[in-house]
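This report refers to the structure that appears directly beneath it.
Every number here is computed from the coordinates shown, using simple stated rules; none is lab data. None of the values given here were measured: they were computed from a predicted structure. Glycine also receives a Cβ, built like all others from the backbone with ideal geometry; neighbour counts cover every protein chain displayed.
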Amino acid sequence: MEGQFWGYEGGNLFATMAAAGGVSAFFNQVGGVLSDDRLGVLDRVLTLTATYPDATVTIGLGVIVVGAPLLKAATARAQIRGTDDLIEGAMAVSGLLILLYALSHDTSLLALAATHFVIASSFLRQGLTNAFLIKIGSVFLSIGGVLLAAFGGTVLSADASAAATLMNLLTVGTGVYVTLASLLAYEGGVFVLQEEIKALRQTPDRGPQTIAGRLLSIDGGLSRMISRTLDGPILWINRHISNPAIAWVGAEQKRTQPFSTGMWARLPWRLATGAVAVWMGDVAFAIANLGWAFGDVCLGSLDWDDPAAANAQPE
């Protein structure tokens, strides 16, 4: 899942740079504050967070994206085992704190979407060992898709050029299909979770668990509550809306491979939006879409890596 990490998180970083006005604008904003000799260290931080929320979100996500792999590498070299899940958990909590900051400041919808994507990705990467987290990550991913579509809709203008209008419309389409594909990923989590629970019942002795472990347990109260609340509606939406909307994917693949179906739902929109962004000279948004596309391929590969789980059917 490392490819998914660098694809999605790299894309998210460039998306927040695009929200700040582009790569040059981001560095000018940050550099202007940091180079102001009239301000002390604390005043610079306060000025940056109060004046440039999109740039602040970019820095926060950048610390997560760069810090997590460095911490994993350091613990691996020190031969400290069992820390990867802890680091991913810290990444998710940090993402939630950044989200709270973004919601409380005048942050763009694009930066909010990227923040949801970072949180989603941190949960999804742990989904290989806990399918409940696939469902949690998919919920955040779908919210990010709604925010991305809203961003594309709010920047539409009658005075915009044809190219700009096309890119905004493609952004709306991308957000819509990210949401639909995220619901399919949630459905994939339903399938895999059922298999994990079956296996757990055969070996019920898991030994002592942490508070977080009990909270996020595949058969814990939170998991059961979300299953009762969301599984039925999401499976209905997928059956009647998500799958029919992805007309270019075959029925058999839709039925048996929700992860790869979600990949093919998003991929054409990502690539088309990225291509138009290149045409428009919007480097940050172009790289963001290409990074997201690469992450989509990595997430879709879950169906290729675990065909038995992918072919399972909901009970």
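Taking label points 7 Å from Cα along the Cα-to-Cβ direction, Thr229 and Leu42 give a separation of 4.0 nm. Rounded to the nearest 10 degrees, the angle from helix 258-280 to the longest Cα principal axis of the chain is 10 degrees. Taking mean projected area of the Cα convex hull in nm² as calculated from this structure, the corresponding entry among [x] 19.6; [y] 22.1; [z] 18.3 is [z]. Using a cutoff of 8 angstrom between alpha carbon atoms and counting only pairs six or more residues apart, the relative contact order for the chain works out to 24 percent.
Ranked by the mean number of other Cβ atoms within 10 Å per residue, highest first, peptides 44-50, 76-82 order as 44-50, 76-82.
The value of relative contact order for the stretch 68-180, using C-alpha pairs under 8 Å at least six residues apart, is 21 percent.
Sorting His240, His116, His105 by the number of Cβ atoms found within 10 Å of their own Cβ, with the fewest placed first, yields His240, His105, His116. In terms of the mean number of neighbouring beta-carbon atoms within 10 Å, the peptides 91-104, 172-185, 217-230 order highest first as 172-185, 91-104, 217-230. Taking Lys and Arg as +1 and Asp and Glu as -1, the other residues whose beta-carbon sits under 13 Å from that of Gly67 total -1. For the peptides 268-279, 23-34, 142-153, 249-260, the ranking by packing is 142-153, 268-279, 249-260, 23-34, with the highest mean count of neighbouring Cβ atoms within 10 Å listed first. Seen against the Cα atoms of the chain and their longest principal axis, helix 53-77 is set at about 50 degrees. Once the chain from Ala162 to Lys198 is taken as fully extended at 0.36 nm per residue, the excess over their C-alpha distance is 7.6 nm. 3J(HN,Hα) along the stretch 167-181: 5, 5, 5, 5, 5, 4, x, 4, x, 4, 6, 4, 5, 4, 5 Hz, from the Karplus curve 6.51 cos²θ - 1.76 cosθ + 1.60 with θ = phi - 60°, whole Hz, x for Gly and Pro. Partners of Lys254 within straight-line reach, counting lysines whose Cα lies under 25 Å from its Cα and excluding those fewer than 8 residues away in the same chain: Lys135, Lys198. Relative to the longest principal axis of the Cα atoms of the chain, helix 23-34 runs at roughly 70 degrees.
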